[in-house]
1. From the list ARG187, ARG235, ARG231, which one is of a type in the set (D, E, K, R), surrounded by 15 or more Cβ atoms within 10 Å (Cβ to Cβ) and over 27 Å from PRO88 (Cβ atoms)?
2. Which number in (1) crowded, with 19+ Cβ neighbours inside 10 Å; (2) part of a helix (DSSP H, G or I); (3) charged (D, E, K, R) marks the one condition that GLU55 misses?
3. In this structure, is ASP154 assigned by TED's automatic domain parsing to the domain that holds GLY113, charged (D, E, K, R) and either under 30 Å from ALA319 (Cβ atoms) or touching a Cys at 6+ places or on another chain (Cβ under 7 Å) (or both)?
4. Out of all the residues in the range 56-77, which are charged (D, E, K, R) and in contact with a Gly (Cβ under 6 Å, 6 or more places away or on another chain)?
5. Being free of Cβ contacts under 8 Å to residues at least 24 places away in the same chain and over 25 Å from LEU267 (Cβ atoms) is the filter here, so list the residues in the range 52-76 that pass it.
6. Name, by its number, the condition in (1) surrounded by 16 or more Cβ atoms within 10 Å (Cβ to Cβ); (2) part of a helix (DSSP H, G or I); (3) modelled with pLDDT under 95 that does not hold for ASP203.
7. Got at least one residue in the range 167-174 being within 28 Å of the chain's Cα centre (by Cα) and either crowded, with 23+ Cβ neighbours inside 10 Å or not assigned by TED's automatic domain parsing to the domain that holds ALA52 (or both)?
8. Condition first: free of Cβ contacts under 8 Å to residues at least 60 places away in the same chain, among the basic types (Lys, Arg) and not in a helix (DSSP H, G or I). Can you find one or more residues in the range 217-235 that meet it?
Amino acid sequence: MASVALRHGVFLAPLHPVDESPNLLIHRDLELMEWLDRLGFDEAWIGEHHSAGFETIASPELFISAAVERTRNIRFGTGVISLPYHNPLTVANRVIQLDHQSRGRVMFGFGPGLLVTDAQMFGIDPNTTRDRMAQALDVILRLLAGETVSERTDWYNLVNARVHLLPYSQPRPQIAVASAATPSGGRLAGKYNLAMLCVAATDASGGFNVLDVNWKIACDTAVEFGNTMDRSNLRLMGPMHIAETREKARENVRFGLMKYLDYARTLTPGRFGNLTGRDPVDVLLESGHIVIGTPDDAINVLEKLREKQGEFGCFLHQAHDWADVEQTRRSYELYMRFVAPHFQKSNRNRTAAYDDLKAHGVELAEKSRVAAQQTFDKFHAEAEKKKNLTVKKP
């Protein structure tokens, strides 16, 4: 049995085509959080984006504050706050407030910002975002620890800065760094003993190939700073759509898959090659690490991730609109009904009991038959005895 219990979650960027009502999309995403909570998902990570149209949540904190009030158990993470776009003091204060409002049900995920168009609107050189992220993180960690910070850089100035509230979670909420293909995330995770969000874990063109490399970088860096990386805090993300059959899954995703591919190819021109004459479903499946199929297909891909990476703490579904709302929710339900139990070993004793029954079924059935026959024989004997006593009365 695996020593790291696998948790299950969702990474909601989100990814919504631009032809639907944005108001309805926001409320539909909140309803999705309620559905995931009822199904028993462990966590959901919410993104921050300011451009390009598809990824419609600008403030993960605002979304999470509403989602917390509508759910009971699921934990929420900022996935991620783009640190170069914010003063580190305001980030620390918002995270702490959310920690208190949720009474410890939030996690703080951060990154440099994914969309170049976001950075351009802020007037930020994309080549500086990773350095800014590291600068801001160091300050935020000190502020979360209750320190007073004075620091001037070329993009913020803090003078005797401190947070009003200390975190509700002690010593602080879990903090996770986004890691895609570059080693920067792994280095920060190792240096500060943070969790990792591998947001391209099933992308065979980049993230999957460097999964084990970036984890090793994190572990080696951790040793340098006297830390030890914990595999239970490692999260891998990838897209899935599950149905009862592969044929049904393929049919379901034709609803919106092409819009998703168009957006991905707009972000990264040339991605997936020439699509002319190719089935868009096959385009994704050819990577070998995407699921459009059955629960067994999902189990197989997660096992491949374990073979590549070793054990990890949580698998995050990349939320998408490949299928319509009903079939998308059905996909999450099938995952929790059939995939999650495989890794949680939650049916181990049930399976053992059933196997034992099958192995001794004939023998046990005979014992049951004999016991039932003896009961009938006893009943008839007692009835006959009672009848005889009645006849003998004067």
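The values are calculated or read from the model by the stated rules, or taken from the named source; none is laboratory data. Just so it is clear, the model here is predicted, and its values are computed rather than measured. Using ideal geometry, Cβ is built from the backbone for each residue, glycine included, and neighbour counts are taken over all protein chains shown.
1. After applying the criteria, what remains is ARG231.
2. Against the list (1) crowded, with 19+ Cβ neighbours inside 10 Å; (2) part of a helix (DSSP H, G or I); (3) charged (D, E, K, R), GLU55 comes up short only on (2).
3. No; evaluated as a whole, the condition is false for this residue.
4. Within the range 56-77, no residue meets the criteria.
5. If the condition is that a residue be free of Cβ contacts under 8 Å to residues at least 24 places away in the same chain and over 25 Å from LEU267 (Cβ atoms), then GLU69 is the only one that fits.
6. Every condition holds for ASP203 apart from (2).
7. yes
8. No, every residue in the range 217-235 fails to be free of Cβ contacts under 8 Å to residues at least 60 places away in the same chain, among the basic types (Lys, Arg) and not in a helix (DSSP H, G or I).
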